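The values are calculated or read from the model by the stated rules, or taken from the named source; none is laboratory data. Predicted model only: the values in this text are computed from it and were never measured. No Cβ is skipped: glycine too gets one built from the backbone with ideal geometry, and neighbour counts run over all protein chains shown. When the accessible area is computed, the model is the full protein with side chains, heavy atoms only, and any ligands, DNA or RNA have been set aside. Shrake-Rupley method; radii C 1.70, N 1.55, O 1.52, S 1.80 Å.
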Amino acid sequence: MCLIILMEGGAKEKCPSGMDNSFILFYLQALFWPLFVLSFDIRHHNLIVNTLDISSCCVDEVAAEHVGADCIVHYGRACLSPSRRLPLMYVFERKPVVLETCVSSFRELYPNRQSHVILLYDVNYDHINDDLLALLSSEYPNISASTLHVDGELCYSHGETHGQHNVSSSQCQNGDQVVQQFGRQFVLKSGLTIEDYSVFFIGHEGATMTNFMMTWNRCSFCSFDPVTMTGRTESVSINKALMKRYYAIERAKDASVVGILVGTLGVANYLTIIEQLKETIHRAGKKSYMFAMGKLNVAKLANFLEIDIYVLIACPENSLLDSSEFYKPVVTPFEMEVACNKKREWSGEYVTDFRDLLPGGSKHVALANPDDLEDGDETDVSLITGALRMTRFSSSEPVSSSHDSSLVLRNQALTVANANTAATFLAGRSWQGLEQKLGETPVVKALEGRKGIAIAYEEEPTIDRDH
Amino acid sequence: METDLYDEFGNYIGPELDSDEDDDLEADDRDVDEADEDDEDEPADADEDVPGMEVVLHEDKKYYPTAEEVYGPEVETLVQEEDAQPLTEPIIKPVRNKQFTLMEQELPSTVYDMEFLADLMDSPELIRNVTLCGHLHHGKVKHSLRYTDILFTEQERGVGIKSTPVTMVLPDSRGKSFLFNIMDTPGHVNFSDEVTSGIRLSDGIVLFIDAAEGVMLNTERLIKHAVQERLAITICINKVDRLIVELKLPPTDAYYKLRHIVDEVNAMLSTYSTDENLVVSPLLGNVCFASSQYCVCFTLGSFAKIYSDTYGDINYTEFAKRLWGDIYFNPKTRKFTKKAPTSNSQRSFVEFVLEPLYKILSQVVGDCDTSLPRVLDELGIHLVKEELKLNIRPLLRLVCKRFFGEFTGFVDMCVQHIPSPQGGAKNKIEHSYTGGLDSDLGEAMAECDPDGPLMCHTTKMYSTEDGVQFHAFGRVLSGTIQAGQPVKVLGENYTLEDEEDSQVCTVGRLWINVARYQIEVNRVPAGNWVLIEGCDQPIVKTATITEPRGNEEAQIFRPLKFNTASVIKIAVEPVNPSELPKMLDGLRKVNKSYPSLTTKVEESGEHVILGTGELYLDCVMHDLRKMYSEIDIKVADPVVTFCETVVETSSLKCFAETPNKKNKITMIAEPLEKGLAEDIENEVVQITWNRKKLGEFFQTKYDWDLLAARSIWAFGPDTTGPNILVDDTLPSEVDKALLGSVKDSIVQGFQWGTREGPLCDEPIRNVKFKILDAVIAQEPLHRGGGQVIPTARRVVYSAFLMATPRLMEPYYFVEVQAPADCVSAVYTVLARRRGHVTQDAPIPGSPLYTIKAFIPAIDSFGFETDLRTHTQGQAFSLSVFHHWQIVPGDPLDKSIVIRPLEPQPAPHLAREFMIKTRRRKGLSEDVSISKFFDDPMLLELAKQDVVLNYPM
């Protein structure tokens, strides 16, 4: 048997320098001890260290399947999104924390000893969990610590036993509520909701914390950065951030052509959300195109001028992209749903994890039943341009392309023109394709043209794949 | 909950509960079960007629009759759970009738027949479409006896807010009836957008000028606007009585004062118009004099007619021609001469017009008991005893009304000097129609043909009494609009190429609007104004209504062009976040209701409302809170919009490479010539002109060299944006064909950049970007939009930042009227708000001073109140947007420390404004400049030793 292990998540940079393959092997052997009964000779193992990844916090299962890996070890930063295909193990770096400063800043930030506080950690600081809780729980009886809890059958994190995964009911016997989200698990006292708690986060500010803050935006947030050793209250800017997302929704409402960016191939259910988004976008009378383009950058997205807005499907931490640098904004699936699904309203609640939007998810809102909507044009004024925008709720199935000439029932004679967004765009372009110029150009014999694909024609020896 | 288990106080009176059941949950279940059983048992109870003896379980016993038994089956009974509704909310809400406008319940009786009015609509030559406008409190409304102030808020505030159309039949001095469509517009400068929408529908204006105050701020603006819109201008000098009663001017001085007003108006007309024939003069008949309060209104002609009626045998038109100017009457020769026959003889106007007026007034005011009846008898005015006992004012009004008769002078003036809809149509559509005039449709409109294809231009939306729906108000330019007819509504973005902004609607009812009541009609032919129900939904501000089919070549009428800018900004949010949809609906409605209002979501996610001034926004907020959405709304402190600009030329050529390193664009930025930005914004010059015409404009007016003038690529951020992109590359250095292939992308990058400047995401203004050099990849693949657009934007930003960037803020022009002793206080108040006075002069013939000043809009909040406090309410001010001006100080100077809650010294202001705007928008505290520069560019900077006082 051959075991291919895929190490990823920036393993190369983060491994101690001078560490060679054998060292890694040795390291792995130690790690895997509780998980696998190693009944085969470790020297025969192939080891692939993979650092090619879309986003270093997610597990790239596709890449693993390409090399036929049997198991993945994820090292470093992680968003703990579940993946479904391969056994996965997380290895977290243990970063040092000065516990005393952490505790004292906690005391400063929460002078009231009865405060209900949830402790959240960056994955790298998970190891201080028990020590910190021991120091604080005597003073603060209402504190609730979170534990890492990797969702999914085949996922493990270092030092965790498998038995814990079976806590599926969210209600404990004593009425306390267990919340599991973003790979964290914590307990809320009975009768209290998450809004009654404040959150104390240990780690740098970054995607992880922003994700927590956006999701639990009604909670007050404090953070402690172990590197700078400072604690502070965070909640001021989150309203601003939410408002900015609201602007993104308005942009999404104005858009008529939507690009769906597939930013993950690993997170479970990504195909389902793509299908759901396509349906939602179509029902709202917009067009959608799908793009899989690996790592996003400004130049790549600006290549598609026809697209008015992009939806990024990625793990919760990567979904919140600051798109101000991009030529066209990039929104999250939740924002697209708010823009397109009439039944979903913007209430300040925010969902970063697209799995919550799926049927069965906690925040799922079904599309309005096509029969309930009067099939007509509804007019609305765009809040960005001030121009009129028509939201056409097309309940009908897309007209199948094979019957191009077949007649379509006109919408109660109220339709004036069939707006074709692609044609409109083309009309506004200065270059509209090759011109025939009949009679203007001399007749020449056909020549052999270029061969190959656009990125690397055959006659071009040196190619630059840098974009 | 089961009703009969509880008494009216909510006490439980049902069957006993098993006391040993502790678990609440189970008890609840049991209750539900019981309830179910009860329901099932009821019909069974009814069957059993014999009462009494049989064994009935106690839970089946019925102690009280059910509500249905008590009240009968037709009464709906509701049982409310405790605390299901807050106490403050009544269980049965009274029906609320929202009403914000004063409307007559029935059609009032008029001196003319409604049928007659409707008949007149078919003869366009007998119709006049007129806008009444003037400065604040110059008596436009008084003229119509405040009948047109229909909103309650208007009456409370004593100021017009909305323009109100009135249609009525008025006779001229020969007794011929004309149909007058009059748009009464607000005089406050904040609401000049309303005037604009009225002017668009009219063929002429009547400009009201207060005889005592003379030409004021808004008077001048209105003249300018009317000239731009090419309307006939007539003047009504109102409140003539103030000269006599209030200022107590001798008749000669009163004449000088009136003549001064006419001269001032003519001076302005000659400034703004190139047409030399455009003059106003009482001799021409386009000036009338009035005192609305006392029902006085006359032109020279109508006054002369009084003479001819009294003495007979006078050619009153010839007589009228001699009643103005330096013409004297020689009583000996009974001839009019140019020279004064004696040293103390008066000008004819004084002798024949003013003196009689003075006499009537002084007789009535001074000596009403003894000599008045005799005098009145002489004038042929007979008053009964009761009328003579009236107070002075009503008496004076009565006397004047009898003496001067109806407002025939006013009617004469309008009829003679304002073209009929037929006569004015050509001029109107030339100015407002975007399509060509030589088509059949154009001809039908120019002839005002009621049988032509329907074309109707709507410019205003009026909400219904309760503020739920909107009706569109417009003018039919050709064809006839019928009630119940399907029409196509073309929006402001409709073009023949892009038909998306159009919708087919069905017209509901049609009305003729007469301020407080409306006359419903079936059809409205060309030339008239009409209020249309049923097609408000697709209309945002203005629209073109046409036939649903058969009129495919119809194009739209131009959107309104306002003479003011909305620069004051407030951010609103609902107190209760869940009421956001309600607020959005309200915002949509106020947006329809106010022509120049802008509501939008900013990048920061705030809902902002942009308006022209404080009063304007106050009215908007009233409507939003009370009329359209009825929710509590939080309002942030008002702010103004800023602009970003440069004051020097970039200190070095800025370049940037595309991410694939295959293209390189080099640009510099420099300020535009003075006045050019305004010319672009006012569409004096348009990018759509052909290259030659565009080049000529820039060569002649702004001295550009031929090369630059011919290579203007774009204006930004849009076609009327005050920035220019110029291709300044030389064909010897740059492959022009290659550069041309990425022109679109570079223009897009430029427009993106100028839309949101690097300082605080506010638009860039007054900057010229020159492309100096460009290296473009040969292969189309390597110069796609994705590579070029973001790069072009970065070059725009770096060139901008190297050219000494500054912020710009809007400035208001303020006109203050105050008595002489308050002038110094006005100076003090202005100085505290960074304002400066440009002119300070007494108003001729009055004790007041006019002070003209400039004040930054951001410091103008509360200025009016402040001014009144400091002058004990004697000063009165009006302010209107005037221009953009650079904020003092360097916004990027990091050495400036902004201390909270302290007024900043002037050089720190730019920095303060920038940081605060960035904070409000949720941007990082300071501009990260290095982001916009490539590494080689940064090296270049270091090499050239460019002194930047801001670290990278």
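Overview of values
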{"read-out": "Single match in A:Gly360, A:Gly285, A:Gly294 (criterion: at pLDDT below 85, under 26 Å from A:Asn217 (Cα atoms) and not assigned by TED's automatic domain parsing to the domain that holds A:His204)", "value": "A:Gly360"}
{"read-out": "Residue under evaluation B:Gln555, criteria (1) more than 12 Å from every other protein chain (Cβ to nearest Cβ); (2) touching a Phe, Trp or Tyr at 6+ places or on another chain (Cβ under 8 Å); (3) within 29 Å of B:Thr612 (Cα to Cα), criterion not met", "value": "(3)"}
{"read-out": "So A:Asn166, is it open to solvent by 70 Å² or more (accessible area, probe 1.4 Å) and at pLDDT 55 or above", "value": "no"}
{"read-out": "Flag for A:Gly266 being at pLDDT below 80 and either among the aromatic types (Phe, Trp, Tyr) or within 30 Å of A:Asn303 (Cα to Cα) (or both)", "value": "yes"}
{"read-out": "Residue ID - least open to solvent (accessible area, probe 1.4 Å), chosen from residues in the range B:483-498 that are within 10 Å of chain A (Cβ to nearest Cβ) and over 18 Å from B:Ser432 (Cβ atoms)", "value": "B:Lys488"}
{"read-out": "Count of the range B:910-945 residues which are within 14 Å of chain A (Cβ to nearest Cβ), assigned to a loop (DSSP other than H, G, I, E, B) and open to solvent by 30 Å² or more (accessible area, probe 1.4 Å)", "value": "5"}
{"read-out": "Number of positions in the range A:317-338 that are closer than 24 Å to B:Leu923 by Cβ and either among the charged types (D, E, K, R) or away from every other protein chain (no Cβ under 12 Å) (or both)", "value": "13"}
{"read-out": "Some residue of the range B:577-590 being more than 10 Å from chain A (Cβ to nearest Cβ), open to solvent by less than 30 Å² (accessible area, probe 1.4 Å), hydrophobic (A, V, I, L, M, F, W, C) and within 18 Å of A:Gly386 (Cα to Cα)", "value": "yes"}
{"read-out": "Residue that is within 14 Å of chain A (Cβ to nearest Cβ), open to solvent by 20 Å² or more (accessible area, probe 1.4 Å) and either touching a Phe, Trp or Tyr at 6+ places or on another chain (Cβ under 8 Å) or not aromatic (Phe, Trp, Tyr) (or both), where the choices are B:Arg783, B:Arg806, B:Arg833", "value": "B:Arg783"}
{"read-out": "Per-region count, the range B:600-609, residues at the interface with chain A (Cβ under 7 Å from one of its Cβ atoms) and either surrounded by 22 or more Cβ atoms within 10 Å (Cβ to Cβ) or under 15 Å from A:Leu388 (Cα atoms) (or both)", "value": "4"}
{"read-out": "The range B:716-749: number of residues that are open to solvent by less than 10 Å² (accessible area, probe 1.4 Å) and within 13 Å of chain A (Cβ to nearest Cβ)", "value": "3"}
{"read-out": "Yes/no for B:Ile244 being within 20 Å of B:Cys297 (Cβ to Cβ), in contact (Cβ under 8 Å) with a residue 12 or more places away in the chain, of a type in the set (A, V, I, L, M, F, W, C) and open to solvent by 10 Å² or more (accessible area, probe 1.4 Å)", "value": "yes"}
{"read-out": "Complete set of residues in the range B:756-772 that are modelled with pLDDT of 90 or more and open to solvent by 20 Å² or more (accessible area, probe 1.4 Å)", "value": "B:Pro763, B:Asn766, B:Lys770, B:Leu772"}
{"read-out": "Sole exception among (1) open to solvent by 30 Å² or more (accessible area, probe 1.4 Å); (2) in contact with an Asp or Glu (Cβ under 7 Å, 6 or more places away or on another chain); (3) over 30 Å from B:Lys916 (Cα atoms) for B:Trp713, by number", "value": "(1)"}
{"read-out": "Breaking point among (1) in contact with a His (Cβ under 9 Å, 6 or more places away or on another chain); (2) at pLDDT 85 or above, for A:Ala299", "value": "(2)"}
{"read-out": "Residue list for the range B:643-686, restricted to those being within 14 Å of chain A (Cβ to nearest Cβ) and over 20 Å from B:Glu733 (Cα atoms)", "value": "B:Pro659, B:Asn660"}
{"read-out": "Output for the range B:861-883, where each listed residue is open to solvent by less than 10 Å² (accessible area, probe 1.4 Å) and not β-branched (Val, Ile, Thr)", "value": "B:Phe863, B:Leu867, B:Ala875, B:Ser877, B:Leu878"}
{"read-out": "Residue list for the range B:545-571, filter: over 19 Å from the mean Cα position of the chain (by Cα) and crowded, with 21+ Cβ neighbours inside 10 Å", "value": "B:Ile545, B:Thr546, B:Ala554, B:Ile556"}
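Residue-wise test of (1) touching a residue at least 40 places away in the same chain (Cβ under 8 Å); (2) of a type in the set (Asp, Glu); (3) open to solvent by 30 Å² or more (accessible area, probe 1.4 Å); (4) outside any loop (DSSP other than H, G, I, E, B).
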residue	(1), (2), (3), (4)
B:Arg793	yes, no, no, yes
B:Val796	yes, no, no, yes
B:Pro810	yes, no, no, yes
B:Val814	yes, no, no, yes
B:Asp821	no, yes, yes, yes
B:Val826	yes, no, no, yes
B:Val829	yes, no, no, yes
B:Thr838	no, no, yes, yes
B:Gly845	yes, no, yes, no
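Conditions (1) more than 14 Å from chain A (Cβ to nearest Cβ); (2) more than 25 Å from B:Asn591 (Cβ to Cβ); (3) buried (at least 19 other Cβ atoms within 10 Å of the Cβ); (4) modelled with pLDDT under 90, marked per residue:
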residue: B:Thr459; (1), (2), (3), (4): yes, no, yes, no
residue: B:Tyr462; (1), (2), (3), (4): yes, no, yes, yes
residue: B:Val468; (1), (2), (3), (4): yes, no, no, yes
residue: B:Thr480; (1), (2), (3), (4): yes, yes, yes, no
residue: B:Glu500; (1), (2), (3), (4): no, no, yes, yes
residue: B:Ile512; (1), (2), (3), (4): yes, yes, yes, yes
residue: B:Ala515; (1), (2), (3), (4): yes, no, yes, yes
residue: B:Gln518; (1), (2), (3), (4): yes, no, yes, yes
residue: B:Arg523; (1), (2), (3), (4): yes, yes, no, yes
